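Notes to accompany the following structure.
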Amino acid sequence: HAGRGAGLTLQVQVIPFGEDQYLVLSRDISQLERLETMRRDFVANVSHELRTPLTVIDGFLETLSDGLDDFDHDEVHRYLVLAHEQSGRMRRLIDDLLTLSVLETGAPAPVEEGVDVADLMHEVHKETELLSGGRHTVTMKLEGGGVLHGSRKELHSAVANLTSNAVRYTPTGGHVEIGWRRRADGGGEFWVQDDGIGIEAGHIPRLTERFYRVDRGRSRETGGTGLGLAIVKHILTRHQAEMGVQSRPGAGSRFTVRFPPARITQD
Ligand code: ADP
């Protein structure tokens with residue numbers, strides 16, 4: 001027997017207890033209910049996200065197999081390229097889902113390695129330039145070095161996710177800057193700054209939720225899965241790091257990732 005109040009769900013059990021006496025047990029199951037709702041939403045989201053590209057691929061295959069002779073070589077090629085884009089989208093989504101589930105389901109703590117920050121930054125800088133394909137100016141600033149203790153793979157993935165977003169949400173001709181600086185308290189921080197489309201303040205608290213997007217269309221167009229920042233957040237939590245976002249619509253965004261002194265050594 002469950003009773004509902006304002007945001008609270010109680011499970012109540014009444015057990016007869018001797019003559020005219022009852023034992024009443026009540027249990028707050030609000031949290032369980034919330035988790036169950038989240039799980040259901042998640043499954044619905046994943047199904048929807050996978051079904052959309054599959055529908056497109058299905059449609060193309062059906063059209064082609066119904067009348068291959070009706071299409072010239074160029075048209076067939078165009079359909080195949082579009083179908084390939086959609087299968088790529090499904091693959092990215094599955095990769096991101098697997099990454100998230102490994103991070104979420106009590107995976108072993110990240111291998112503690114010493115990651116040279118300058119190396120990591122050079123690597124991400126080069127990859128960001130490649131990803132931009134010359135459409136943006138990508139610059140790097142290093143204010144002090146340091147060695148970060150954590151998983152190289154995860155730390156790389158976190159920074160690369162932020163730079164990939166910066167490139168994807170910044171129009172051609174824009175500027176993306178990645179940087180690292182040591183802080184007076186012995187900690188350190190990365191930043192990834194762009195002069196792209198920016199984000200309205202109201203959206204900022206929700207950016208790291210799974211599948212949360214400010215503009216679904218734009219995320220899709222640029223190959224987004226809606227899981228990038230959820231992955232970043234998990235990785236950062238595992239490294240006791242915190243992320244801050246400053247942004248103004250039309251002016252650009254700055255994502256800052258701050259590591260505590262305990263995670264850093266000088267060399
Ligand atoms: P997506 O795959 O959609 O990019 P993310 O989890 O990486 O998913 O980001 C969530 C949302 O945050 C994006 O859909 C986008 O609306 C917004 N966003 C993230 N980074 C930026 C940025 N640098 N500039 C503008 N919007 C951003």
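The values are calculated or read from the model by the stated rules, or taken from the named source; none is laboratory data. As the structure is a computational prediction, the values presented were derived from the model and not from experiment. Here Cβ is always computed from backbone atoms with ideal geometry, including for glycine, and neighbour counts include all displayed protein chains. Calculation scope for accessible area: heavy atoms of the full protein, side chains included, ligands and nucleic acids excluded. Shrake-Rupley method; radii C 1.70, N 1.55, O 1.52, S 1.80 Å.
Miscellaneous remarks
- Under 5 Å, built H, 5+ apart or other chain: amide partners of Gly198: Gly250, Gly252, Ser253
- Annotation: peptides 60-70, 187-197, 76-86, ranked by per-residue average of other Cβ atoms within 10 Å with the highest first, follow the order 187-197, 76-86, 60-70.
- Rg followed by Dmax, in Å, when segment 73-145 is reduced to its Cα trace: 18.7, 56
- Using θ = phi - 60° and Karplus 6.51 cos²θ - 1.76 cosθ + 1.60, couplings along segment 141-156 (whole Hz; Gly, Pro as x): 10, 10, 10, x, x, x, 10, 9, 9, x, 8, 4, 4, 5, 5, 4
- Protein accessible area in segment 1-85, 1.4 Å probe - carbon and sulfur %: 56 percent
- Amide H contacts of Glu113 (H built 1.01 Å from N, under 5 Å, at least 5 apart or other chain): Gly150, Ser151, Arg152
- In segment 209-267, the portion of solvent-accessible area held by carbon and sulfur atoms comes to 46 percent [1.4 Å probe, whole percent, DNA, RNA and ligands not counted].
- D (Stokes-Einstein, µm²/s), Kirkwood Cα radius, segment 172-267, 1.567 mPa s at 4 °C: 89 µm²/s
- Aspartates and glutamates with Cα under 14 Å of Lys233, excluding same-chain neighbours fewer than 8 positions away: Asp96, Glu104, Glu154, Glu209, Glu242
- Loop trypsin sites (Lys or Arg not before Pro), segment 131-221 (other Cβ atoms within 10 Å of the site Cβ: 16 or fewer; DSSP): Arg135, Arg183
- Per residue, the chain exposes 59 Å² of accessible surface when a 1.4 Å probe is rolled over the protein heavy atoms with every protein chain present.
- Distance (nanometres) between label positions extended 7 Å along Cα→Cβ at Glu36 and Glu209: 2.1 nm
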